[in-house]
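The values are calculated or read from the model by the stated rules, or taken from the named source; none is laboratory data. Small disclaimer: the values here were computed from a predicted structure and weren't measured. Quick reminder, even Gly has a Cβ in these numbers, built from the backbone with ideal geometry, and neighbours come from all protein chains shown. Ligands, DNA and RNA are excluded from the accessible area calculation, which covers all protein heavy atoms including side chains. Shrake-Rupley method; radii C 1.70, N 1.55, O 1.52, S 1.80 Å.
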Amino acid sequence: MLTGLIRATAGDSFIWGNRLSSDLQNIREITGICPQQNVLFPFLTVEEHLYFFCRLKGVAEKDIPAMVLANMTDVGLLDKRHVPVHALSGGMKRKTCLAISLAGDPKCVFLDEPTSGMDPYR
């Protein structure tokens, strides 16, 4: 409900001063989500996924390359940037989903078992 995927039947909540019942569009602009199931396009590369989701989140075109690079670096996927996700291990796919949830530099991120199947990273 907090992500807007399911409509609330009663009550309300606030995310960064935005009311869920009336400010859902604002909430979507400031939040990221990493669902329990991987939401990936098999033949897009890691970099293409991040570029695509940055565009969806409204990141300025000039800022996308730096954000994509930073997100891949943060989750340890820089060396996999040109690999189609169907060729990645389960843990690498989860890292891709985690990097996607950080697209647009959200103020709030909802994570549903983000490290499930992920290899340890230092």
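Please compute the modelled spin-label separation between Arg7 and Thr73, points set 7 Å along Cα→Cβ, answer in nm with one decimal. It is 4.5 nm.
Averaged over its residues, the chain has an accessible area of 62 Å² per residue, based on protein heavy atoms and a 1.4 Å probe. Could you give log10 I(q)/I(0) at q = 0.29 Å⁻¹ for region 37-105, computed by the Debye formula over C-alpha point scatterers of equal weight, without solvent? Ignoring solvent entirely, the Cα scatterers give -1.42.
Given Cα pairs under 8 Å that are at least 6 residues apart, what percent is the relative contact order of the chain? Mind dumping the intermediate values first?
Numbers: 164 pairs, mean separation 40.2, N = 122.
So the answer I get is 33 percent.
Estimated translational diffusion coefficient (Stokes-Einstein, Kirkwood radius over Cα pairs, 4 °C, 1.567 mPa s) of the chain: 86 µm² per second.
Using a probe radius of 1.4 angstrom, the carbon and sulfur fraction of the accessible surface of the chain is 57%.
In summary, the lysines within cross-link reach of Lys80, defined as a Cα separation below 17 angstrom excluding same-chain residues under 8 places away, comprise Lys93, Lys95.
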